[in-house]
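Single-structure report; data block below.
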Amino acid sequence: MRQRGTDRTFVRRRCAGLAIVVALVMLSVLPVRAQDFRAADGIESFSSLEGELLAVVPIEVDGQWLIVPVEARGRSYRFILDTGATTGAITRSLARQLGLQAVAEAKLSGASGQARVPVVTTKMLRLGDVRAGNWEKYVLDDEVLADGDDHRFDGIVGSDLLKYYDVLIDAPGRALRLYKRGTTDEDSGPVVGPDDAVSFERVRRGIIRFEVMVNGSAVDAVLDSGSPALLLNPIAAEATGVTVTEEPVSEQSRGIGSKKVATYGAQIASIRIGRTSLEVLDGEVADLPIFGLLGLDDRPAMLLGSPFLLRCPLLISWSARELRFCRRAIGSEDAASESPIR
């Protein structure tokens, strides 16, 4: 890995684990009244998005984490919104508080290796007005859902729930919208437009993989809203020529698994997806075991985490297997790549 000196200060962070195990899910939904969105500066509003809206859920931004409220027995809990987790999870503390007993054990593969964890059935959990039904959850140690900077969370909302909807993650507008799958209209939908939709493939039961351009070079990206960093593997760092710190900013395990991984800070000049381009982004470089589990350890790859989503709303169309990202509300079709979204 090519390492270059830099004067920038990089924040030490930990990624939430990527759970690469699927669980059977039963759910029902209740419609709720649509709410207006507050568009971020320089980004077109998504108010024209058509479709059968089923739920609107507020997003809390805590540091680099995207947090959504999950209710159980009249109380609200803070869950990480994690498109990189095939199945949701709760902490041991929450499992004890709700009086849940393990019904099985699962072997999980995550960012730092593998671990065996209990499985509980959580019939009472609700994400806004979406009821999770007989929803199986993995039980994680409390420290797995803590980042060392006094950010502690109660669980993870994963793709086992999200994949049943067309999902609009509007982190700049602080809201998550869930639409009936297949009902979002391509012609009047998000500002990227139908011709600019980015195709994705599902790997490992719900993990979203697609191609991005990092500093002008192609990289396989995994959509991971549960990662508080834009994280490249060493091959991607070398291929894209990103500026990397000479010394690690962290040497610890990250999420699920106990393997300690050296993480380097990185400065990324640009990331382009379709006609959406963001410039001057802080990132990280680490050789995480998760890349091997996803079959990406022999090519340039990255986790596209929350720092990108915090600057750019995203629609996930599961039925069409397409992503639509924001672009600046300006006239030129190419202007989105000429100036960053601030």
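The values are calculated or read from the model by the stated rules, or taken from the named source; none is laboratory data. Because the structure is a prediction, the values reported are computed rather than measured. All Cβ positions, glycine included, derive from the backbone under ideal geometry; neighbour counts span all protein chains shown.
Quick one: would you say Val244 is closer than 22 Å to Phe79 by Cα and at pLDDT 95 or above? No: the conditions fail for Val244.
Selection within the stretch 308-323: residues that are surrounded by fewer than 21 Cβ atoms within 10 Å (Cβ to Cβ) and not charged (D, E, K, R). The member of this set that is modelled with the highest pLDDT is Leu310.
Restricting the first member to the stretch 195-209 and to residues that are on the phi > 0 side of the Ramachandran plot, and the second to residues that are charged (D, E, K, R) and outside any loop (DSSP other than H, G, I, E, B), the beta-carbon pairs closer than 8 Å and six or more apart or on different chains are Gly206/Asp160. A count restricted to the stretch 204-219 and to residues that are over 15 Å from the mean Cα position of the chain (by Cα) and in a strand (DSSP E or B) stands at 7. Considering only residues in the stretch 104-119 that are at pLDDT 90 or above and more than 29 Å from Asp166 (Cβ to Cβ), the one that is farthest from the chain's Cα centre (by Cα) turns out to be Ala104.
Report yes if Lys137 is buried (at least 24 other Cβ atoms within 10 Å of the Cβ), at pLDDT below 90 and part of a strand (DSSP E or B), otherwise no. The answer is yes for Lys137.
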